[in-house]
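Undergrad: Structure in structure tokens, see below.
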Amino acid sequence: MAELAVISLSGGMDSCVTAAIAQAEGFDLALLHADYGQRTQDRERRAFRDIADFYGVPAHRRLIIGFDTLKAIGGSALTDASIALPEGELDRPGVPVSYVPFRNAHLLATCVSWAEVLGASAIFVGFVEEDSSGYPDCREAFLRSFEQTANLGTRPETRLAFHAPLLHLRKADIVRKGRDLGAPLHLSWSCYQGETEACGHCDSCHLRLRGFKEAGFPDPIPYAFIPENLNH
């Protein structure tokens, strides 16, 4: 019988490839998704369901949770419409306004709770530290600290290993890895503000488009705009 892994699946490319890696390593998948009032909440939820269908994950191993408190707290351009989203400046210093304060701690804590109930042995996340928007809660040090906390705060028989297989990869490598594993990249959604077509302007679109360009493959999702210069 295969071991069970809980995967935090936003519906974006990184978490999609992470799910593909977990399956390739022989784990059965349990997929968790969070609604937190983000601009593309409905589109991300659709991507989650499409990817879960692709991998044949049964209904009892799919969980969509609501973090209404993150929207109420605000402080992010993803959850507060009055904060403008930055466009196309990937070398911008500091933490971007698209950062949702401590969101990944909420996600990881919920993954741990569900993993303990399911009897899972692993948690997979699509964190990317080296080629990303610069979110502090996507760093390896944070993940290792949380892994230690989780194993201190759960039942003695609970032993959870945290995996972030994309942590030190560039986006181009993530694209290549996804294609090698047959991940359904066409079902994933990374844009921060478009739901019918990806906007092509936000940081997430730029990172994704640059990754596909450097990998030498066309991005299979529709864009309203594709910038000419994707080097920055």
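Undergrad: Could you work out the relative contact order of the stretch 102-166? I mean the mean sequence separation of Cα pairs under 8 Å and 6+ apart, divided by the number of residues, in percent. Present the calculation step by step, with values, prior to reporting the outcome.
TA: Numbers: 64 pairs, mean separation 27.8, N = 65.
Reported as a whole number, the value is 43 percent.
Undergrad: Given Cα pairs under 8 Å that are at least 6 residues apart, what percent is the relative contact order of the stretch 120-232?
TA: Working: 143 pairs, mean separation 28.0, N = 113.
In percent, rounded to a whole number, it is 25.
Undergrad: A further question on this structure: Would you list, by chain and number, the aspartates and glutamates whose Cα falls below 12 Å from the Cα of K213, excluding same-chain residues fewer than 8 positions away?
TA: Once the sequence-local aspartates and glutamates are set aside, what remains near K213 is D173, E228.
Undergrad: Now for a separate question. Starting with the highest mean, order 8-17, 170-179, 37-46 by the number of other Cβ atoms within 10 Å, averaged over the residues of each peptide.
TA: Numbers: 8-17: 26.3, 170-179: 20.8, 37-46: 19.1.
The packing order, highest mean first, is 8-17, 170-179, 37-46.
Undergrad: Could you tell me which GluC sites (Glu not before Pro) in the stretch 52-133 are loop residues by DSSP with no more than 16 other beta carbons within 10 angstrom of their beta carbon?
TA: Details: sites: E87, E89, E116, E129, E130; in loops: E89, E129, E130.
Counting only loop positions with at most 16 other Cβ atoms within 10 Å, the GluC sites (Glu not before Pro) in the stretch 52-133 are E89, E130.
Undergrad: Still on this structure, I have one more. Report the accessible area of T18, computed with a 1.4 Å probe over the heavy atoms of all protein chains in place, in Å² rounded to the nearest 10.
TA: 0 Å²
Undergrad: Describe numerically, in nm with one decimal, the distance between label points set 7 Å from Cα along Cα→Cβ at E25 and at F217.
TA: Roughly 2.0 nm, to one decimal.
Undergrad: Can you send over the carbon and sulfur percentage of the accessible area for the chain, probe radius 1.4 Å, protein chains only? The partial results should precede the final answer.
TA: Working: 5350 of 10480 Å².
Within the chain, the accessible surface is 51 percent carbon and sulfur.
Undergrad: If you count only protein heavy atoms with a 1.4 Å probe, what accessible area per residue comes out for the stretch 1-157, rounded to a whole Å²?
TA: Working: 7060 Å² over 157 residues.
It amounts to 45 Å² per residue over the stretch 1-157.
Undergrad: Modelled label-to-label distance, V117 and F54, 7 Å Cα→beta-carbon offset: nm?
TA: 2.7 nm
Undergrad: By how many nm would the segment from E130 to D42 grow when fully extended, if each residue of separation counts as 0.36 nm and the alpha-carbon distance is taken off? Before the final figure, lay out the partial values.
TA: Details: separation 88, 0.36 × 88 = 31.68 nm, distance 2.85 nm.
Length gained, E130 through D42: 28.8 nm.
Undergrad: Points 7 angstrom from Cα along the Cβ direction at A72 and A224: gap in nanometres?
TA: Here the modelled spin labels are 3.1 nm apart.
Undergrad: Here's a follow-up. How much length would be gained if the chain were fully extended between V97 and A2, taking 0.36 nm per residue of separation minus their Cα-Cα distance, in nm to one decimal?
TA: The span from V97 to A2 would gain 30.1 nm if fully extended.
Undergrad: Of the DSSP beta bridges with both residues in the chain, give the percent that are antiparallel, rounding to the nearest 5.
TA: Values: 1 of 18 bridges.
Antiparallel bridges make up about 5 percent of those DSSP assigns within the chain.
The values are calculated or read from the model by the stated rules, or taken from the named source; none is laboratory data. As the structure is a computational prediction, the values presented were derived from the model and not from experiment. Heads up, the Cβs are rebuilt from the backbone with ideal geometry, glycines too, and the neighbour counts pull from every protein chain shown. Ligands, DNA and RNA are stripped out before the accessible areas are found, and what is left, the full protein with its side chains, is counted by its heavy atoms. Shrake-Rupley method; radii C 1.70, N 1.55, O 1.52, S 1.80 Å.
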